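This report concerns only the one structure given below.
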Amino acid sequence: MNKTMSAIALALLLGAAPMAYAQTAQHPNSMNTQTTNANRAEETIQADQIRASKMIGSSVYDVQNRNIGKVRDLVLDKDGKIAAVVVDVGTFLGMGGKSVAVKLSDLKTDNNRLTLDRTKEQLQQMANYRLENRTTGAGSTTSPVHGGHLGSGR
């Protein structure tokens, strides 16, 4: 029985060898593509980065660890960079309060929370930030269609 099993194993091994050779004997350009794809490193989010989907709706704290508002939205410029972080300040159950714009660089991400070196009172003294321009309609349109360019209107 051992001789039979050995013969079967040898036949399978010899039968698979030409197939393996046939698979590796590819066009030179396709091998370069496979090698290039295999050498690419996986990219991942870094410790000093935050996802927009996680940032919007997050609470913002002052340096004394008091909750001073929530991130309402992110405003992007035509180059796709964050021009302003809009923070809702003083809103209670969707009433009152206002939205103010702060620079992304003013927010610190410490221990998975957003901290701003300003008090709630300082934010309430800032100018209200409107997310829609009544004159031009900016901010009221949906995202660009496929193939469109941010800020180009195409």
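Worth pointing out:
- Per-residue 3J(HN,Hα) values for the range 45-60, derived from phi via the Karplus relation 6.51 cos²θ - 1.76 cosθ + 1.60 with θ = phi - 60°, read 5, 9, 4, 9, 10, 9, 7, 4, 5, 8, 6, 5, x, 6, 6, 10 Hz in sequence order (x marks Gly and Pro).
- What the Cα convex hull of the range 52-124 gives, in volume per residue, is 91 Å³.
- Each residue in D73, D79, D106 was given a count of other beta-carbon atoms within 10 angstrom of its own, and listing them fewest first yields D79, D106, D73.
No value in this document is a laboratory result; all are computed from the given coordinates. What you see is a predicted model; the values in this text were computed from it and never measured. Note that each Cβ is placed from the backbone with ideal geometry, even for glycine, and that neighbours are counted across all protein chains shown.
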